[in-house]
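First comes the structure, then the notes that go with it.
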Amino acid sequence: MSVSDEAVRVGTEADQTDEPGWEVDPDDDWALAVVATVGRQLRLRREAAGMRVNDFAVAAGYGADLVYKIETGKRIPRPEYLDKADEVLDACGLIAAMQEDVKKVRYPKKVRDLAQLEARAVELQLYDPLSIHGLLQTPEHARAQFRMRRPAYSEEQIEQGVAARAARRSIFDRDPAPELSFILEEWTLRRPLGGRAVLREQLEHLLVAGQLRNVELQVMPTEREEHASVSGAIEVLKFEDGSAVGRTPGIANGRPVSDPRQLRILELRHGIIRAQALTPRESAAFIEHLLGET
């Protein structure tokens, strides 16, 4: 292989491997500090091993530009990057162990804040009029939904969003499990975002989720003439100490609220919608019927 051919090959590989890693939110001070610390440790270990950036990039299979960005705290390294760096630098697991630190900041601050609240909640009352709730979405359905966003998301933003939603689903594995009440609009179960195969997988997933003892899943039929929350989504999270936090577009511009009077309004709306929707048993039968039509 000629020198020019080798340069083309390396350049092409760099283009292909420069994707892993995520941008750091410039307004997220904690994430900036964590990523900067991880990047500095990576640089010090690389230098201690006597490797230049280009040498490390070739050995690890990543682009030199990505290595620079990660070491200077401009990009969040993905787990596979840290695993490879640990192997190349013979760090005996010390670099791979940094995944625990990075995992805490790999998603946007608002997603982390929401996940922390969900992790503490003992009861969640959830209604989304526009889509299947994120906690119930399959990865492919979430990916299809992110692809619909306009202005269009980059592939990196899409994958980051999908990973963030997947991470939040750990709520289903908690012990003791929280009580989860979902109300879904019929039309969100009929729209084949991503194609019929994606919709079928999503409907099958809903049937499985609905069988969990701590989950109540109800469908609001489109033909209903009465609807208590045409004003938008509802989220009410209750905690073990008796406190709660809620959110809806019509109150406080969608910001989280904990005022008892405002929470009472949200719980009232959610309770009425539950009464207007199909029962959990009827909803499961309805989803099975939709699955048969898909």
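The values are calculated or read from the model by the stated rules, or taken from the named source; none is laboratory data. Owing to the predicted nature of the structure, the values given are computational and were not obtained by experimental measurement. Positions of Cβ are backbone-derived with ideal geometry, glycine not excepted, and every protein chain shown enters the neighbour counts.
Looking across the stretch 245-262 at every residue that is surrounded by 12 or more Cβ atoms within 10 Å (Cβ to Cβ), small (Gly, Ala, Ser) and not in a helix (DSSP H, G or I), the one that is modelled with the lowest pLDDT is identified as 250.
For every residue, the table says whether it meets (1) of a type in the set (Ser, Thr, Tyr); (2) closer than 25 Å to residue 178 by Cα.
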| position | (1), (2) |
| --- | --- |
| 26 | no, no |
| 40 | no, no |
| 62 | yes, no |
| 113 | no, yes |
| 127 | yes, yes |
| 135 | no, yes |
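Output the number of the condition that residue 141 fails; it satisfies all remaining conditions of (1) under 29 Å from residue 29 (Cα atoms); (2) under 13 Å from the mean Cα position of the chain (by Cα); (3) outside any loop (DSSP other than H, G, I, E, B). Of everything listed in (1) under 29 Å from residue 29 (Cα atoms); (2) under 13 Å from the mean Cα position of the chain (by Cα); (3) outside any loop (DSSP other than H, G, I, E, B), residue 141 misses just condition (1).
Among the residues of the stretch 166-212, those that are closer than 21 Å to residue 130 by Cβ and among the aromatic types (Phe, Trp, Tyr) comprise 182, 187. Where helices (runs of 4 or more DSSP H) sit wholly within the stretch 60-135, those with at least 3 residues that are closer than 30 Å to residue 219 by Cβ and in the same structural domain as residue 224 (by TED's automatic domain parsing) occupy 109-120.
The one condition from (1) modelled with pLDDT under 85; (2) surrounded by fewer than 20 Cβ atoms within 10 Å (Cβ to Cβ); (3) of a type in the set (A, V, I, L, M, F, W, C); (4) within 27 Å of the chain's Cα centre (by Cα) that residue 36 does not meet is (1).
Among the residues of the stretch 225-255, the ones that are touching a residue at least 60 places away in the same chain (Cβ under 8 Å) and within 23 Å of the chain's Cα centre (by Cα) come to 9 in all. Go through the stretch 46-73 and report how many residues are surrounded by fewer than 17 Cβ atoms within 10 Å (Cβ to Cβ), closer than 21 Å to residue 32 by Cα and of a type outside the set (Phe, Trp, Tyr). The total comes to 2. In this structure, does residue 267 turn out to be surrounded by 13 or more Cβ atoms within 10 Å (Cβ to Cβ), touching a Pro at 6+ places or on another chain (Cβ under 7 Å) and either in contact (Cβ under 8 Å) with a residue 24 or more places away in the chain or not charged (D, E, K, R) (or both)? No. Within the stretch 221-244, is even one residue closer than 26 Å to residue 196 by Cα and part of a helix (DSSP H, G or I)? Looking through the stretch 221-244, none of the residues is closer than 26 Å to residue 196 by Cα and part of a helix (DSSP H, G or I).
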